[in-house]
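Asks: Provided herewith is a single structure, encoded as structure tokens, for subsequent inquiry.
The values are calculated or read from the model by the stated rules, or taken from the named source; none is laboratory data. Note that the structure is predicted; figures quoted are calculated from it, not measured. As a convention, Cβ positions derive from the backbone with ideal geometry for all residues, glycine included, and neighbour counts pool all protein chains shown. Note: accessible area is taken over every heavy atom of the protein model, side chains too, but ligands, DNA and RNA are not part of it. Shrake-Rupley method; radii C 1.70, N 1.55, O 1.52, S 1.80 Å.
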Amino acid sequence: MRHLPTRQIHLDFHTSPHIAGVGADFDGALFAKTLKDAHVEWINLFAKCHHGMFYYKTELGTVHPHLSTELLKGQIEACRKEGIKCGIYTCVGWSEDTADRNPEWMEVSADGVVGVKKPFTAAYSSWQKLCINNREHRAAIKTELKEEFELFRPDGFWIDIIFQNKCLCKTCMAEMLDMGLDPEDAGDVFKHDRMVQISFMRDVHAHIRTLSGDVHIYFNCNPYEMDLADDMGIAGRNKQDLCTYIDIESLPSDAWGYSHFPVAVNYVNKGGKDINMMNGKFHTSWGDFGSLRNKAALEYECFRAAANGAGVCVGDQLHPRGRLDPSAYKRIGEVFASLKEKAPWCDGTQKLSQIGVYATRRSGEPAGGSTDTGLADEGAYRVLSELKYTFDYVDLTDDISGFELVVLPDRVHLDAAAADRLNAYIRNGGKALITANSAVDHQRGFLVDGIGAEYRGPAPYCPRYMRITEAHFPGIPPMDYVAYMQGADVAALEGTQVLARAVDPYFNRGYYKFSSHRQTPPDCEAPGSAAITLRGGVAYIANPLFSDYASSRCMVYRDIIEQLIADLGVRPIVEADLPSFVEVTVRKKGDSTIVHLLNYIIERKSRRLDTIEETAPLYNRTLSVECPQRPARVTVVPDMKELALDYSDGRATFTMDIIRGHEIIEIA
């Protein structure tokens with residue numbers, strides 16, 4: 001059961017001390033009416049911003065020098081008169097005024113820059129970085145939170161910039177050395193950063209709980225960041241445990257992209273916490289004054305959240321003079337009105353998942369970097385969602401017994417206990433799809449008994465080719481297909497079906513030896529090792545096709561995976577003649593099955609970003625939905641249009657005469 005309102009605003013107010021007239025146009029009644037008319041139920045309001053300016057009377061720091069009214073107090077009082085709940089925002093890691101007054105609290109980078117921000121930097125989002133491991137700074141934050149709670153009794157705290165940036169200040173250096181960590185080792189520094197992050201959150205969480213047992217607490221620390229939980233001391237799950245709900249900050253047109261939210265939500269939505277998709281009214285991202293998100297894009301992002309059982313928190317930024325923009329809230333209100341109408345079929349639902357996909361990043365491994373962590377996760381999302389499968393991302397602590405299929409994409413590390421659980425799952429009839437270097441111990445080879453192949457090491461050639469034939473892949477034109485990324489060299493064991501062989505190039509491309517513009521062509525006469533195998537309930541692909549798909553989007557990779565999943569006997573809950581871009585989610589509410597269709601086309605019409613400008617309706621599309629018994633009716637909601645249905649072989653079949661942007665079908 002959800003505890004938080006589903007329609008929220010995060011009202012940024014990072015306002016330079018060089019700007020005059022702050023709050024001069026604030027009108028509490030108009031402020032609250034604008035929010036109420038836009039169907040807003042919760043708003044995060046600023047106590048202190050990245051500039052370190054306070055927006056209420058405090059003795060603890062610097063009140064904005066040009067603040068003309070008790071802005072935070074007025075905002076909270078006005079919202080409460082309209083029944084709008086209020087969270088209080090404050091910032092921990094970035095605070096220019098705090099850093100200027102307390103330079104000894106700042107982080108120190110590996111190249112000795114105090115505050116990490118290099119002199120004369122004027123780039124977007126460049127702030128002096130405070131160390132959250134500094135005990136004086138930490139004590140000041142706790143005192144501030146106590147003051148804000150006692151003054152305003154907020155419904156929640158939204159505490160920002162809870163991260164460390166490879167800090168090597170005196171506090172962190174001494175602590176690392178005491179722990180036996182090496183400050184010159186990047187892995188040890190990352191591990192210490194994560195330990196500091198979790199320690200800070202535990203400390204502040206415990207402090208807030210001395211003030212209130214039920215105030216909501218959110219630390220903006222990427223608690224949705226996915227890892228394998230193979231080192232529980234620093235696993236991301238610690239961060240989830242210390243937040244009462246999870247905001248997935250995902251403004252897709254800027255740094256995050258449209259693949260970010262679905263990866264994150266399919267990881268955290270099995271944990272039982274309330275989730276919000278945090279997007280923005282901006283065309284790009286935070287601080288983009290004078291821009292307004294395309295309505296189709298805002299709809300898609302908000303409806304996508306609802307389709308995944310999440311609320312919506314739309315980011316806005318208040319003008320320094322304190323007045324909300326009417327056009328922005330007209331647009332937000334139109335989308336929120338639709339969410340409100342759809343709420344009976346969105347709230348209180350539970351996800352149905354067929355497939356468990358193992359995370360690929362280890363707990364002590366930084367995101368990104370030379371290994372390009374996250375690429376296989378993204379590829380798995382793209383392939384499975386385009387094929388209309390429902391799935392969860394899992395870590396090594398999750399129970400996999402209820403999944404029809406588990407997928408280990410490209411680079412999944414298994415410890416001995418996790419390998420034992422996976423082997424037991426396969427022995428009990430579970431199905432697995434494993435690719436490239438997943439489930440490999442470089443001393444012992446494959447840790448999964450059912451793969452039916454011997455691991456011999458990394459493939460000696462890259463790129464190389466897969467010989468696809470009609471015999472095993474009848475829907476794919478026969479050809480030697482390139483696999484761009486380096487895979488594994490394996491030999492099939494006796495009794496294993498080899499569905500495709502690897503074909504090596506004549507040689508790897510080098511400075512002295514190369515052919516044509518790109519990769520060397522396949523040596524068609526050379527004997528090849530196994531590229532794709534099937535043995536019992538385990539399919540294996542020797543190439544990292546999920547990473548390759550996320551990187552280069554060769555459709556044949558998706559087609560190969562689709563055929564293998566079908567060979568393993570797993571059918572999507574929803575089968576439909578829909579384009580790959582239409583997203584399908586399936587949820588349960590009581591005895592009803594709720595199917596969401598999102599028919600939006602993401603386009604790149606500029607060099608900088610992706611967006612959505614319009615929708616194109618689809619006509620006369622047939623859906624077949626797995627149902628344990630014949631349903632009484634199939635209804636398009638909230639229009640309450642009942643559809644004719646057929647039922648056979650445990651599936652309800654019906655035709656949608658039109659599919660617009662977001663459609664919800666209730667099968668009851």
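Asks: Roughly speaking, what is the stretch gain from Thr655 to Ala337, that is 0.36 nm per residue apart minus the C-alpha to C-alpha distance, in nm to one decimal?
Replies: Extra length available between Thr655 and Ala337 comes to 111.7 nm.
Asks: Still on this structure: Which value results when the Cα radius of gyration for the stretch 412-533 is divided by 2.2 N^0.38 Å?
Replies: Relative to the rule-of-thumb radius for its length, the stretch 412-533 sits at 1.18.
Asks: Still on this structure: Taking the simple approach of a point 7 Å from Cα along Cα-to-Cβ for both Arg209 and Ser291, what is their distance in nm?
Replies: Result: 4.1 nm between the two label points.
Asks: Here's another thing I want to ask about it. Suppose every Lys and Arg Cβ carries +1 and every Asp and Glu Cβ carries -1, with no other charges. What dipole size does the stretch 212-338 come out with about its Cα centre, to the nearest 20 debye?
Replies: 520
Asks: The stretch 186-259 to the stretch 112-148: how many Å between their Cα centroids?
Replies: After rounding, the separation between the Cα centres reads 18 Å.
Asks: Something else about it: Using a simple spin-label model with points 7 Å from Cα along the Cα→Cβ vector, what separation in nm is obtained for Lys513 and His283?
Replies: Distance between the two pseudo-spin positions: 5.3 nm.
Asks: Check each of the GluC sites (Glu not before Pro) in the stretch 390-473 and keep only those in coil by DSSP with at most 16 other C-beta atoms within 10 angstrom; list them in order.
Replies: Loop-located and lightly packed - Glu470.
Asks: Also: For the chain, give the magnitude of the charge dipole about the Cα centre (Cβ charges: +1 Lys/Arg, -1 Asp/Glu; no others), in debye to the nearest 20.
Replies: The dipole magnitude comes to about 880 debye.
Asks: Within the stretch 137-229, list the GluC sites (Glu not before Pro) lying in a DSSP loop whose Cβ has at most 14 other Cβ atoms in a 10 Å radius.
Replies: Glu184
Asks: Can you list the equivalent-ellipsoid semi-axes of the stretch 171-226, largest first and in whole Å, using the square root of 5 times each Cα gyration tensor eigenvalue?
Replies: 28, 14, 6
Asks: Here's another thing I want to ask about it. Among DSSP beta bridges lying fully in the chain, give the percent that are antiparallel, nearest 5.
Replies: Here the share of antiparallel DSSP bridges comes out near 55 percent.
Asks: If the chain between Ser580 and Met232 were fully stretched, how many nm would it gain, using 0.36 nm times the residue separation less the Cα-Cα distance?
Replies: This chain segment gains 121.6 nm when fully extended.
Asks: Residue separation times 0.36 nm, minus the C-alpha to C-alpha distance between Leu609 and Asp27: what's the value?
Replies: Net length gain for the segment: 205.9 nm.
Asks: Based on the alpha carbon coordinates of the chain, what radius of gyration and maximum Cα-Cα distance (Dmax) apply, in Å?
Replies: For the chain, the Cα radius of gyration and maximum Cα-Cα distance read 26.7, 81 Å.
Asks: Enumerate lysine pairs in the stretch 319-395 that are 8 or more residues apart or on different chains, then count those whose Cα atoms are under 22 Å apart.
Replies: 5
Asks: For the stretch 257-364, with the dipole built from +1 on Lys and Arg beta-carbon atoms and -1 on Asp and Glu ones, taken about the Cα centre, which of Phe282, Gly333, Ala343 lies farthest toward the positive end?
Replies: Positive-end residue among those listed: Phe282.
Asks: Applying a 10 Å radius around every beta-carbon, put 45-56, 548-559, 346-357, 407-418 in order of their mean neighbour count, most first.
Replies: So the peptides 45-56, 548-559, 346-357, 407-418, ranked by packing, come out 45-56, 407-418, 346-357, 548-559.
Asks: Let me ask another. Based on the Cβ-Cβ distance of Ala139 and Arg427, what FRET efficiency does E = 1/(1 + (r/R0)^6) give at R0 = 41 Å, to the nearest 0.05?
Replies: The value I calculate is 0.15.
Asks: Helix 186-211 versus the longest principal axis of the chain: what angle, 0 to 90°, nearest 10, using Cα atoms?
Replies: Taking the Cα atoms of the chain, the angle to 186-211 is about 50 degrees.
Asks: Could you work out how far helix 170-179 tilts from the main Cα principal axis of the chain, as a 0 to 90 degree angle to the nearest 10?
Replies: It works out to around 40 degrees.
Asks: Continuing with this model, one more query. Quote the FRET efficiency, to the nearest 0.05, computed for Met555 versus Lys57 with a Förster distance R0 of 60 Å and r equal to the Cβ-Cβ distance.
Replies: For Met555 and Lys57, the calculated efficiency is 0.45.
Asks: Still on this structure: For the stretch 589-625 and the stretch 412-489, what is the centre-to-centre distance using only Cα atoms, to the nearest Å?
Replies: Rounded to whole Å, the Cα centres lie 33 Å apart.
Asks: Something else now. Quote the charge dipole size of the stretch 405-504 about the Cα centre in Debye, to the nearest 20; the model charges only the Cβ of Lys and Arg (+1) and of Asp and Glu (-1).
Replies: 140
Asks: Right, here's the next one. Just going by the charge dipole of the stretch 2-126, with Lys and Arg at +1 and Asp and Glu at -1 on Cβ, which of Leu4, Ile43, Ile76 is farthest out on the positive end?
Replies: Most positive-ward Cα: Leu4.
Asks: While we're looking at this one, here's another question. Would you give the gap between the C-alpha center of the stretch 312-328 and the C-alpha center of the stretch 53-102, rounded to a whole Å?
Replies: 16
Asks: How large is the accessible surface per residue of the chain, computed with a 1.4 Å probe and reported in Å² as a whole number?
Replies: It amounts to 41 Å² per residue over the chain.
Asks: Based solely on its DSSP helices, what 222 nm [θ] is calculated for the chain when runs of n ≥ 4 H residues each add -39,500 (n - 2.57) and the sum is averaged over all residues, nearest 500 deg cm²/dmol?
Replies: -8000 deg cm²/dmol
Asks: What's the angle, to the nearest 10 degrees (0 to 90), between helix 295-307's Cα axis and the longest principal axis of the chain?
Replies: That helix lies at roughly 70 degrees to the long axis.
Asks: Right, here's the next one. Would you work out which of Tyr511, Thr34, Pro544 lies farthest towards the positive end of the dipole of the chain? Charges go on Cβ: Lys and Arg +1, Asp and Glu -1.
Replies: Thr34
Asks: Carbon and sulfur together cover what percent of the accessible area of the stretch 31-83 at a 1.4 Å probe radius?
Replies: That fraction is 47 percent.
Asks: Calculate the spin-label point distance for Glu104 paired with His3, positioning each point 7 Å from the Cα along the beta-carbon direction, and give it in nanometres.
Replies: Rounded to a tenth, the inter-label distance reads 3.9 nm.
Asks: Which of the three applies to the stretch 543-668, rounded, prolate or oblate, going by the alpha-carbon gyration tensor with a ≥ b ≥ c and a/c under 1.5 meaning rounded?
Replies: Verdict is oblate for the stretch 543-668.
Asks: Too long at a 27 Å Cα-Cα cut-off: which of Lys85/Lys191; Lys142/Lys166; Lys239/Lys295?
Replies: Flagged as over cut-off: Lys85/Lys191; Lys239/Lys295.
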